[in-house]
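Written below as structure tokens is the structure these notes are about.
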Amino acid sequence: MVRPISFTLNGRPVQLSVDDERMLLWVLRYDLGLTGTKYGCGAALCGACTVLVDDEAVRSCATPLKDVAGRRVLTIEGLSPDGELHPLQRAFHDGHAFQCGYCTSGMIMSAHALLLRNPHPTRAQIVEHLDDHLCRCGSHVRILEAIESAAKSGPGGAR
Amino acid sequence: MSPARVVLGRRRFLALTAGSGLFILFRFDPLAAQEPAHPPGRPSYPTDFNAYLKIGGDGRTTCFVGKVELGQGSKTALAQLVAEELDVPLDTVDMVMGDTELCPWDMGTFGSLTIRQFGPVLRGAAAEARAVLVALAAERLGAPAARLVAEGGSVRDPEDPAKRVTYARLVEGRRIERHLEKVPAKAVTAYRVVGRPAPRKDALEKVTGKARYAADQALPDTLHARIVRPPAHGATLKDVDTSRAAEVAGTRVIRDGDLIAVVHERPDLADRALARVTARFERGAPALDDENIFDHLVATAPPGETVGESGSLDEGAKLAATTFEHTYLNGYVAHAPVETHSAVAKVEGGKATVWASTQAPFMVRNQVAEALGLAPKDVRVITPYVGGGFGGKTGARQAVEAARLARLAGRPVQVVWDRAEEFFYDTFRPAAVVKIRSGLGADGKICLWDYKVYAAGDREAKAFYDVPHQRTVAAGGWGGGNPPGMHPFGVGPWRAPSVNTNTFARESQIDIMAAEAGVDPLEFRLRHLSDPRMRRVLQAAAERFGWRSGRAPSGRGMGVACATYMGTYVATMAEVAVDKASGRVRVGRVVCAQDMGVVVNPDGARQQTEGAVTMGLGYALSEEVRFRSGEVLHRNYDSYEIPRFSWLPRIETILIENPTTPASGCGEPPIVCMGAVVANAVHDATGARLLRLPMTAERVKGAIAKG
């Protein structure tokens, strides 16, 4: 149903008048121009489209827009609003925790949700949290190391 | 496949389909253009360094290369080569890659050839440019060129601190018309940038979500296309009803012969419209499936070609005290990059511009030109970041589709395959069969090696072990030239084409013989290896791994395998645990030693090794395309299982120092041993020998039960 819908996107209020059954991923990418969030599978299987809704990691490809009404949505573009890299971004950057980079936004956002909830996760907890995130290049080793490094660098890598 | 072949294929395609309705004909598909099975010896790269390098008035160097950044780090490694030879700081080198209008021709990004084959071209260009700059500085400064030193983007006279001039001042943004003959590249011992880790040039964009991929190009007025697809390869369209697509407001239907699409300003709404299109297809494919395919491949493969032979097989057979005959199988394997094939095309004024996720932009340019009836010069292909390729983005059907639709739409059109299309149109690593007959003499030495590979291809098929009587025959491959009907869908290069199959078979057979001879598998290999580079990688891996000599199966679950890949030597050791009740294999540790000659970027090489080892676990343990009668049974990642975080072994990389040998590749070599090393470790753990990949829990359990 097309109706006005409001939510907070990367700290700013957004109001849209679109079909609220549409998935958040497509609205972010093609109505709002935030292309850092990626399509990988369309079925919540790969994690490339992960964003935060009220601090929880969700798959935006399987999240209808109506589910985010009145809530806070955070995408990769909102993680470093003042241009200074978030500790997780810094750790992925310095540790080369990516290759093709296509899954990277989803990995960072998912890790961010984890660290908000559990600032100092064990390796096993990180693995469990990310096990339904796919990376075809095989950057897994460095992604785990980057998240551990970010967790060490601050109170859960959060600012 | 050469460009000429592609054109021929296209003409045949047109001749067959002209006036006869709608066909999906794979065999003559011009879009099946692939990495050539045998890279051309002398590619026609430009010899004028201006084609590759531009020094701006701001002192920054822009380097233009037709290679693409797939994630392998070439954007950084190539910049390192330029910075080294030109003597400029690495952070002042900007890379422009994969743009057919700005960059000189390139054959494509595959075969781990970016550094090995293209590296010398780029180094030569930069070295010549530097020598010209020094000559220009000598005139400007009034000092002999031989005395001048180039460093940090400037030329100075060590004997007179006042005599110093920057490259930017020397060039002032102009093209350099002067050329010098035979300028030697730098000696390895003088390297300051190459051979050291360097910050990746794509890092900042990739961690901030700013990196643009093909689907991220935001052109005004873009329409998103979803295309009517057959349910199975070999199916033909009987009729189609698009009338209900209009129920989704804003939808247009575009038809260009066999190409029927709905387009909309939003991709998800185009998808809704597509769901309202009903199409009836008639299936015509023979009843091939993922079990009967192996007999079919042996029956339909082209005649074998002998790719290596020495001694006499009859003589070898006579000398054999024990003979071993085994058949090795592996199924089709998907590339499954997380970015699906994507493209945006704009066609106007007799020119086309296409942003495409591809490994071969110049090949795509020709394909698009052919499809639109344009000259290649009127087509520009721009390759943004590519979200993984692994050989699967060598052809670019989606770019041609976008271009055809954009021409009819009169607006830019974006085509992004969904995951089901990605599985359907993937050019899989071919299923393959390897038959080996080998013999051990009474002296415990291999006296006979009779090797025949079907469908995988001949790359690195020939054994490198010292065997007096041997023959290697390859029948069919991944690079085209197979008879119609051999494969029920497209096949093509997959990270280290041919070599995963050939290494699995060879190294398994070697282990079988070692076990029969009662000799430790490492020791057995070394007894048959005189090549010092191969001995060195094996010994380096063994030392790090802490290899303890023993006869397999020892129950410890340790395996070894070694291979060559286009100039690189690799030895891999692994430790596995097998749950005998379920058959589930867990790889706990992998040590991979490589000798790739000069290592341009050690951290990049380590990263490629980690990636290849992780990816290799997939084809070793779980990945196999299931299909029936032309229908690919995977629509998404739920049924096609690729490696996950929880699979991760401890991975240790050893890079052999070998600075006197030119750089070869590192993106592919570390994956090639993964099937064999895991199979050998599973045997060591359980005594069960797996002759088929992937080694699923069910198959391992079955093999254990068989004893």
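Quick note: the coordinates plus some simple rules give every number you see, no bench work behind them. Computed from a predicted model, the values in this text were never measured in an experiment. Counting neighbours? That spans all protein chains shown, and the Cβs are built from the backbone with ideal geometry, glycine included.
Place a +1 charge on the Cβ of each Lys and Arg in the protein assembly as shown and a -1 charge on the Cβ of each Asp and Glu, then give the dipole magnitude about the Cα centre in debye, rounded to the nearest 20.
On the way: 104 positive and 97 negative charges, 76 e Å.
Once rounded to the nearest 20, the dipole reads 360 debye.
Mind giving me the nanometre distance, one decimal, between the label points for B:R586 and B:R212, set 7 Å out from Cα along Cα→Cβ?
Here the answer is 4.6 nm between the modelled labels.
If exposed GluC sites (Glu not before Pro) are those in a DSSP loop with at most 14 other Cβ within 10 Å, what is the longest stretch of chain B that has none?
Answer - B:292-656.
Only bridges with both residues in chain B count here: give the DSSP antiparallel percent, nearest 5. If you can, show how the numbers build up before the last one.
Numbers: 81 of 110 bridges.
The antiparallel proportion sits near 75 percent.
For chain B, what relative contact order do you get, as a whole percent, if you take Cα pairs closer than 8 Å and at least 6 residues apart? List each step's numbers first, then the result.
On the way: 1657 pairs, mean separation 103.3, N = 707.
After rounding, I find 15 percent.
Name the aspartates and glutamates eligible as straight-distance cross-link partners of B:K163: C-alpha to C-alpha under 12 Å, and not fewer than 8 places from it in the same chain.
B:E139
If a/c stays under 1.5 just call it rounded; otherwise compare a/b with b/c (prolate if a/b is bigger, oblate if not). Do that for the stretch B:226-359, with a ≥ b ≥ c from the square roots of the Cα gyration tensor eigenvalues. Kindly include the intermediate steps, with their values, before the conclusion.
On the way: a/c = 3.50, a/b = 2.39, b/c = 1.47.
Prolate, because a/c is 1.5 or more and a/b exceeds b/c.
Remind me, relative contact order of the stretch B:114-176 in percent, using alpha carbon pairs under 8 angstrom and six or more residues apart?
On the way: 48 pairs, mean separation 13.8, N = 63.
Relative contact order here is 22 percent.
So the label point goes 7 Å from the Cα of B:L408 along Cα→C-beta, right? Which residues of the stretch B:366-383 then have their backbone N under 14 Å from it?
What the label zone holds, given the 14 Å backbone N cut-off, is B:372.
Skipping prolines and chain starts, which residues have an amide H placed within reach, meaning under 5 Å, of the one on B:M95, given they are 5 or more residues away or on another chain?
Close amide H contacts, sequence-distant or interchain: B:C63.
How much mean residue ellipticity at 222 nm does chain B get from its helices, if each DSSP H run of length 4 or more adds -39500 (n - 2.57) and you divide by all residues, to the nearest 500 deg cm²/dmol?
On the way: 17 runs with 201 residues, N = 707.
So the helix-based figure for chain B works out to -9000 deg cm²/dmol.
How big is the shadow of the Cα convex hull of the stretch B:556-707, averaged over all directions, in nm²? Each step should come with its number before you reach the end.
Numbers: hull surface 40.7 nm².
Quarter of the Cα hull surface area: 10.2 nm².
Among the listed pairs B:K238/B:K346; B:K435/B:K462; B:K346/B:K377; A:K66/B:K346, which are separated by more than 23 Å between their Cα atoms? Let's see the in-between values first.
Numbers: B:K238/B:K346 31 Å; B:K435/B:K462 13 Å; B:K346/B:K377 15 Å; A:K66/B:K346 34 Å.
With Cα atoms farther than 23 Å apart: B:K238/B:K346; A:K66/B:K346.
Efficiency by 1/(1 + (r/R0)^6): what FRET value for A:D131 and B:R164, r their Cβ-Cβ distance, R0 = 60 Å, to the nearest 0.05? Don't jump to the answer; show the numbers that get you there.
Values: r = 57 Å, r/R0 = 0.95.
After rounding to 0.05, the efficiency reads 0.55.
Per-residue mean of other chain beta-carbon atoms within 10 angstrom of the beta-carbon, peptide B:632-644?
On the way: counts 0, 0, 0, 3, 7, 9, 4, 0, 0, 1, 5, 5, 8.
That average works out to 3.
How big is chain B on each of its three principal axes, counting only the C-alpha atoms and giving the largest first in Å?
Ordered largest first, chain B gives principal extents of 78, 77, 45 Å.
Which lysines does B:K706 reach when only Cα atoms under 16 Å apart count, and residues fewer than 8 places away in its own chain are ignored?
B:K580
Under unit Cβ charges (Lys, Arg +1; Asp, Glu -1), what dipole magnitude, rounded to 20 debye, does the stretch B:91-154 have relative to its Cα centre? All intermediate terms of the calculation are to be shown ahead of the outcome.
Working: 5 positive and 8 negative charges, 76 e Å.
For this selection, approximately 360 debye.
State the answer as a single residue: which of B:L223, B:N636, B:S357 lies farthest towards the positive end of the charge dipole of chain B, with beta carbon charges of +1 for Lys and Arg and -1 for Asp and Glu, about the Cα centre.
B:L223
Enter the Cα centre distance for the pair the stretch B:68-140 and the stretch B:647-681, rounded to the nearest angstrom.
About 26 Å separates the Cα centre of the stretch B:68-140 from the one of the stretch B:647-681.
Test of understanding: what is the full-extension gain from B:E101 to B:Y191, defined as 0.36 nm times their sequence separation minus their Cα-Cα distance?
Numbers: separation 90, 0.36 × 90 = 32.40 nm, distance 3.22 nm.
Result for the pair: 29.2 nm of gain on full extension.
Over the stretch B:582-703, what is the percentage of antiparallel beta bridges among all DSSP beta bridges, to the nearest 5? Walk me through the numbers on the way to the answer.
Working: 2 of 8 bridges.
Percent antiparallel among DSSP bridges in the stretch B:582-703 is about 25.
What number does the stretch B:73-201 give for Rg over Rh if you use C-alpha atoms and the Kirkwood radius? Numbers along the way, then the final one.
Numbers: Rg = 15.4 Å, Rh = 15.7 Å.
In the stretch B:73-201, Rg relative to Rh is 0.98.
Please work out the Cα center distance from the stretch B:368-385 to the stretch A:45-63, rounded to the nearest Å.
36 Å
Would you work out the relative contact order for the stretch B:388-506, in percent, from Cα pairs under 8 angstrom that are 6 or more residues apart? Please report the intermediate quantities before stating the final value.
Working: 180 pairs, mean separation 32.2, N = 119.
Value for the stretch B:388-506: 27 percent.
Could you let me know the centre-to-centre spacing of the stretch B:141-187 and the stretch B:682-707, using Cα atoms, in angstrom?
Distance between centres, Cα-based: 64 Å.
Taking 4 °C and 1.567 mPa s as the conditions, I'd like the Stokes-Einstein D for the protein assembly as shown in µm²/s, using the Kirkwood hydrodynamic radius from alpha carbon pairs. All intermediate terms of the calculation are to be shown ahead of the outcome.
Values: Rh = 28.4 Å.
Approximately 46 µm²/s, per Stokes-Einstein.
Of all DSSP beta bridges located in the protein assembly as shown, what percent are antiparallel, nearest 5?
Antiparallel bridges: around 75 percent, rounded to the nearest 5.
Take every residue in peptide B:69-75, count the Cβ atoms of other chains within 10 Å of its Cβ, and give the average of those counts.
Mean shielding by partner chains, rounded to a whole number: 3.
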